[in-house]
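Some notes on the structure that comes next.
The values are calculated or read from the model by the stated rules, or taken from the named source; none is laboratory data. Bear in mind that the values here come from a model prediction, so they are computed numbers and not experimental data. Neighbour counts run over all protein chains shown; Cβ positions are idealised from the backbone, glycine included.
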Amino acid sequence: MRRIAVSLSKGGTGKTSTAISLAHGLAMAGKKVLLVDTDTQGMVAPFLGIRAGAGLAELVSGEAKPEEAVIEARERLWILSGGRGLAGVKRHITRQEIGGERVLQEALDPIVARRYDYLLLDTAPGWDALTIAALFCAHEVLAPVSLEVASLLGLVEFMKSLEHIQKYHHLKLRYIVPTFLDGRVKKSEEILAQLQAFYPGQLCHPIRYSVRLSECPGFGKTIHEYAPGSGASGDYESLTQRIIRDE
């Protein structure tokens, strides 16, 4: 089973949209996927049109059993929702003298073994205890990078932070996914060229800017459901196939 964290410390790069689109794409390709929302904003469930009850916080605290917390969102796609309850999990992690970074891994390991082909973890922007715990639960990182200077700088800082985790845990930044590519904006192409120059092996097919993609959450649908023939849907299909080829 592959464990992939969709993560970048900068916000506004399309992490949740990417996590959902990739998760559904993998499920449509016949893979069994568990998508875990580790963000206190908890947008995964509502983006999928689901009103969640128990979720990741309740699973970690022991208030809910796995069968109560894991929700089947689509065929072959299950989710563990995030939300404000994760603030308590964050406090619990920070109070641990040792092993706090393994809290999520210890909660998830018993339910993912032999049940899923992919574990995807959608992380919050920033660099806090929950993000660190999510990265300790993953083996690979997929970083969505919006094509703007601030996001490029954020990637550099994020890679420095990853180095600290890599001293204690096997983790690889395997994929860099350019997002919000707009052919009308010259700077987008320039930043894409920089990413190609510095990260040729990790760089994935870019995700084009799409109004349809921004509309999806309002309808509780993924891009593959809401606009299956759109450029963004095709871009995420290309990303899905790249991930599958690397199995």
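What are the pairs, 6+ residues apart or on separate chains, where a residue within segment 146-161 that is more than 16 Å from Asp128 (Cβ to Cβ) has its Cβ under 9 Å from a residue that is acidic (Asp, Glu)?
As it stands, the answer is Leu147/Asp182; Leu147/Glu189; Leu147/Glu190, since those pairs meet every condition given.
Say whether the condition of being touching a His at 6+ places or on another chain (Cβ under 8 Å), hydrophobic (A, V, I, L, M, F, W, C) and within 24 Å of Lys32 (Cβ to Cβ) is met by at least one residue in segment 104-113. Spell out how you get there, then give the answer.
Step one: list which residues in segment 104-113 are touching a His at 6+ places or on another chain (Cβ under 8 Å), which gives none.
So far as segment 104-113 goes, no, none of its residues is touching a His at 6+ places or on another chain (Cβ under 8 Å), hydrophobic (A, V, I, L, M, F, W, C) and within 24 Å of Lys32 (Cβ to Cβ).
Can we say Leu34 is in contact (Cβ under 8 Å) with a residue 60 or more places away in the chain, more than 20 Å from Cys216 (Cα to Cα) and crowded, with 16+ Cβ neighbours inside 10 Å?
Working: in contact (Cβ under 8 Å) with a residue 60 or more places away in the chain: yes; more than 20 Å from Cys216 (Cα to Cα): yes; crowded, with 16+ Cβ neighbours inside 10 Å: yes.
Here the answer is yes, as Leu34 does meet what is asked.
Every residue in segment 100-114 that is touching a helix residue (DSSP H, G or I) at 6+ places or on another chain (Cβ under 8 Å) and either acidic (Asp, Glu) or surrounded by 19 or more Cβ atoms within 10 Å (Cβ to Cβ) (or both), please. Step through it out loud before you land on a result.
Keep residues of segment 100-114 that are touching a helix residue (DSSP H, G or I) at 6+ places or on another chain (Cβ under 8 Å), which gives 100-105, 107-108, 110-111.
Matches in segment 100-114: Glu101, Val103, Leu104, Ala107, Leu108.
Within segment 78-103, how many residues turn out to be out of contact with any strand residue (DSSP E or B) (no Cβ under 8 Å at 6 or more places or on another chain) and either assigned to a helix (DSSP H, G or I) or β-branched (Val, Ile, Thr) (or both)?
Within segment 78-103, the subset out of contact with any strand residue (DSSP E or B) (no Cβ under 8 Å at 6 or more places or on another chain) is 84-103.
In the following step, the residues that additionally are either assigned to a helix (DSSP H, G or I) or β-branched (Val, Ile, Thr) (or both) were identified as 86-95, 98, 100-103.
Qualifying residue count for the region: 15.
Would you list the helices (runs of 4 or more DSSP H) that sit entirely within segment 1-77 and hold 1 or more residues that are within 15 Å of Asp122 (Cβ to Cβ)?
15-28, 44-47, 56-61
Here is a list of conditions, (1) under 18 Å from the mean Cα position of the chain (by Cα); (2) farther than 18 Å from Cys137 by Cβ; (3) not polar (S, T, N, Q), and Met1 meets all of them except one; can you say which number that is?
Failing condition for Met1: (2).
Given Gly14, Gly82, Gly49, which one is in contact (Cβ under 8 Å) with a residue 24 or more places away in the chain, touching a Gly at 6+ places or on another chain (Cβ under 6 Å) and within 25 Å of Leu155 (Cα to Cα)? Quick ask: steps written out before the conclusion?
Numbers: Gly14 fails: touching a Gly at 6+ places or on another chain (Cβ under 6 Å); Gly49 fails: within 25 Å of Leu155 (Cα to Cα).
Being in contact (Cβ under 8 Å) with a residue 24 or more places away in the chain, touching a Gly at 6+ places or on another chain (Cβ under 6 Å) and within 25 Å of Leu155 (Cα to Cα) holds for just one of Gly14, Gly82, Gly49, which is Gly82.
Just a yes or no: is a residue in segment 230-246 among the acidic types (Asp, Glu), at pLDDT 95 or above and not in a helix (DSSP H, G or I)? Break it down into steps so the answer makes sense when it comes.
In the first step, residues of segment 230-246 are kept if they are among the acidic types (Asp, Glu); the result is 235, 237, 246.
Those left that are additionally at pLDDT 95 or above: 235, 237, 246.
Filter once more, keeping what is not in a helix (DSSP H, G or I): 246.
Among the residues of segment 230-246, at least one is among the acidic types (Asp, Glu), at pLDDT 95 or above and not in a helix (DSSP H, G or I), which makes the answer yes.
Would you check if there is a residue in segment 216-230 being without any contact (Cβ under 8 Å) to a residue 60 or more places away in the chain, under 18 Å from the mean Cα position of the chain (by Cα) and farther than 22 Å from Ala150 by Cβ?
No: segment 216-230 contains no residue that is without any contact (Cβ under 8 Å) to a residue 60 or more places away in the chain, under 18 Å from the mean Cα position of the chain (by Cα) and farther than 22 Å from Ala150 by Cβ.
Any chance segment 70-78 includes a residue that's out of contact with any Leu (no Cβ under 9 Å at 6 or more places or on another chain) and either among the aliphatic types (A, V, I, L, M) or surrounded by 13 or more Cβ atoms within 10 Å (Cβ to Cβ) (or both)?
no
Would you confirm whether or not segment 163-172 contains a residue that is of a type outside the set (A, V, I, L, M) and within 26 Å of Phe47 (Cβ to Cβ)?
Within segment 163-172, the first condition is being of a type outside the set (A, V, I, L, M), and the residues that meet it are 163-164, 166-170, 172.
Checking which are within 26 Å of Phe47 (Cβ to Cβ) leaves us with none.
No - not one qualifying residue is present in segment 163-172.
Report yes if Thr123 is within 26 Å of Lys221 (Cα to Cα) and among the β-branched types (Val, Ile, Thr), otherwise no. Reasoning before the result, please.
Numbers: within 26 Å of Lys221 (Cα to Cα): yes; among the β-branched types (Val, Ile, Thr): yes.
It is true that Thr123 is within 26 Å of Lys221 (Cα to Cα) and among the β-branched types (Val, Ile, Thr).
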